[in-house]
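These notes are about the structure you will find just below.
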Amino acid sequence: MFLFRVFYISVMGQIRDIMEKNVITIENDKTAQDAAKIIAEKDISFLVIMNEGKPQGVLSESDFVRKVAAEDKKASEIKISEIMSYKFRSVGPTTTIEDAIQKMLNNNIRRLLILDNENLVGVITQTDLASYLRDQILVDGTIKSISKD
């Protein structure tokens, strides 16, 4: 009963309430080396690839390892469009947190792009959700502790 209650409390709200609005992007005509530099400088695990202001795909660290390093390709000569993942999952900013979690679990993915009329407005990752849920559990525990006193 306790776990169900915590989960129920934890997922109230909409994705826009917890999404990261400052999404790091790169244009699709840049090189894998350009992307690798940004990933390293910003200490992030992926970039959203843009084409004429719209999200076109995602490039993750694992894409880079599998498609550049493992094949011994020269990063400065490979266009992002050759190695990026064109398939990405998205939700709207008013999607409930519960629905976003379910979509990530059902599709075994680590991140969701947040699109509003096809425009990129944010991103949510497994790490963001874990942090949010942890905070909600702590708040719930504090409320219970105070109400017992």
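Nothing in this text is a laboratory measurement; each read-out follows from the coordinates by a stated rule. A quick note: this is a predicted structure, and the numbers were derived from the prediction, not measured. Heads up, the Cβs are rebuilt from the backbone with ideal geometry, glycines too, and the neighbour counts pull from every protein chain shown.
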Just Asp43, Asp116, Asp29 to compare: in a GNM of the chain, with alpha carbon springs under 10 Å, which one fluctuates most?
-> Asp43
Which of rounded, prolate, oblate describes the range 65-117, given a ≥ b ≥ c as roots of the alpha-carbon gyration tensor eigenvalues and a/c under 1.5 marking rounded, otherwise prolate only if a/b is larger than b/c?
-> prolate
Go through the range 40-149 and name the GluC sites (Glu not before Pro) that are in a DSSP coil and have 11 or fewer other Cβ atoms within 10 Å of their Cβ.
-> Glu52, Glu71, Glu118
In terms of modelled amide H atoms, which long-range or inter-chain residues lie less than 5 Å from the amide H of Ile78?
-> Ala32, Gln33
Karplus-derived 3J(HN,Hα), 6.51/-1.76/1.60, for each residue of the range 33-39, Hz, glycine and proline x = 5, 4, 5, 4, 4, 5, 4
Can you tell which of Leu129, Leu47, Ala69 lies farthest toward the positive end of the dipole of the range 2-148, using +1 and -1 charges on the Cβ of basic and acidic side chains (Lys, Arg; Asp, Glu)?
-> Leu129
On the formula 1/(1 + (r/R0)^6), with r taken between the Cβ atoms of Asn117 and Gln33 and R0 of 30 Å, the FRET efficiency rounded to 0.05 is 0.35
FRET E, pair Asn107, Lys79, Förster distance 30 Å, beta-carbon r, rounded to 0.05 = 0.65
Just tell me the longest site-free run in the chain, where the sites are trypsin sites (Lys or Arg not before Pro) in a DSSP loop having at most 12 other beta-carbon atoms within 10 Å.
-> 88-149
For helix 97-107, what angle does its Cα long axis make with the longest principal axis of the chain, in degrees from 0 to 90 and rounded to 10?
-> 50
Neighbour-count order for Tyr132, Tyr86, fewest beta carbons within 10 angstrom listed first = Tyr86, Tyr132
Taking every other residue with Cβ under 13 Å from the Cβ of Pro93 and scoring Lys and Arg +1, Asp and Glu -1, one gets -3
Counting Lys and Arg as +1 and Asp and Glu as -1, each charge on the Cβ, what is the dipole of the range 12-84 about the Cα centre in debye, to the nearest 20?
-> 80
Quick one: order Met50, Met84, Met19 by neighbouring beta-carbon count within 10 Å, fewest to most.
-> Met50, Met19, Met84
Just one of (i) -0.57; (ii) -0.52; (iii) -0.47 is log10 I(q)/I(0) by the Debye sum over Cα atoms at q = 0.12 Å⁻¹ calculated from these coordinates, so which is it?
-> (i)
With each run of n ≥ 4 DSSP H residues scored as -39500 (n - 2.57), what mean residue ellipticity at 222 nm is computed for the chain after dividing by its residue count and rounding to the nearest 500 deg cm²/dmol?
-> -12500 deg cm²/dmol
If you take the charge dipole of the chain about its Cα centre, with +1 on Lys and Arg Cβ and -1 on Asp and Glu Cβ, which of Val23, Ile80, Asn106 is farthest toward its positive end?
-> Asn106
With charges set only on the Cβ (+1 for Lys and Arg, -1 for Asp and Glu), what does the dipole of the chain come to about its Cα centre, in debye to the nearest 20?
-> 340
Return one number: the angle in degrees, 0 to 90 and rounded to the nearest 10, between the long axis of the Cα atoms of helix 126-148 and the longest principal axis of the Cα atoms of the chain.
-> 10
